[in-house]
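Have a look at this one before I ask anything.
The values are calculated or read from the model by the stated rules, or taken from the named source; none is laboratory data. Not measured: the values here are computed from a predicted model. Neighbour counts run over all protein chains shown; Cβ positions are idealised from the backbone, glycine included. These accessible areas exclude ligands, DNA and RNA; they are computed on the full protein's heavy atoms, side chains included. Shrake-Rupley method; radii C 1.70, N 1.55, O 1.52, S 1.80 Å.
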Amino acid sequence: MTEEKKPLSRSEREAQIKDKAGWLITVLAALLAVNTYISSGHSSSILTNTIKANDTWNFYQAKSIKQSIAEGQQDDAYSRGDKKRVAELQKKIDRYESDVVKGEGKKELMAKALKLEATRDEAKKHTPWLTFSAMAFQLAIVLLSASILAVSMNMFWGSIAVGSIAALLLGQGIWLWLPL
């Protein structure tokens, strides 16, 4: 004889979903927290390096202005035949162009600013993926909560699918394994 399986009552189905969804919500919330922490680090890096690059470019521009003034003074000294002053100004102009000792010549400042911008741009590549990942984790958590309230296994499995996509987006946001 085969025993007929009696359909589960609503409270029994709800208990099954609660058991499964409870730990899954915890895992997804933890991954969302990790995602937020990493995203925050990239956002800080973007902001810090943008400010530092802007400051460096401003310093570069100030050096350029001073160099232009010195070049004008040098032209004036040349036209007056003041060779000593021309030589002094040429040293000053050369120092504005490149000052390896202090690292404050235009050449060094440009290299520093470009390096800061490259670091900032690298961090920018991560942020969209982490943003999409956070959104998907939040959506998965909402679907899990709704699956408990609606006693719906379809919503439960849908939340697992969305959570899996979120995890893939998080991985892309961390490692950038797909060169998009």
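Test of understanding: among Gln61, Gln67, which residue is open to solvent by 30 Å² or more (accessible area, probe 1.4 Å) and among the polar types (S, T, N, Q)?
Of the residues listed, the single one that is open to solvent by 30 Å² or more (accessible area, probe 1.4 Å) and among the polar types (S, T, N, Q) is Gln61.
Counting only residues that are surrounded by 14 or more Cβ atoms within 10 Å (Cβ to Cβ), of a type in the set (Asp, Glu) and free of Cβ contacts under 8 Å to residues at least 24 places away in the same chain, how many does the range 98-154 have?
So the count comes out to 3.
Another question, if that's okay. Looking at Leu144, Leu139, Leu114, can you tell me which residue is assigned to a helix (DSSP H, G or I) and within 29 Å of Thr56 (Cα to Cα)? Break it down into steps so the answer makes sense when it comes.
Numbers: Leu144 fails: within 29 Å of Thr56 (Cα to Cα); Leu139 fails: within 29 Å of Thr56 (Cα to Cα).
Being assigned to a helix (DSSP H, G or I) and within 29 Å of Thr56 (Cα to Cα) holds for just one of Leu144, Leu139, Leu114, which is Leu114.
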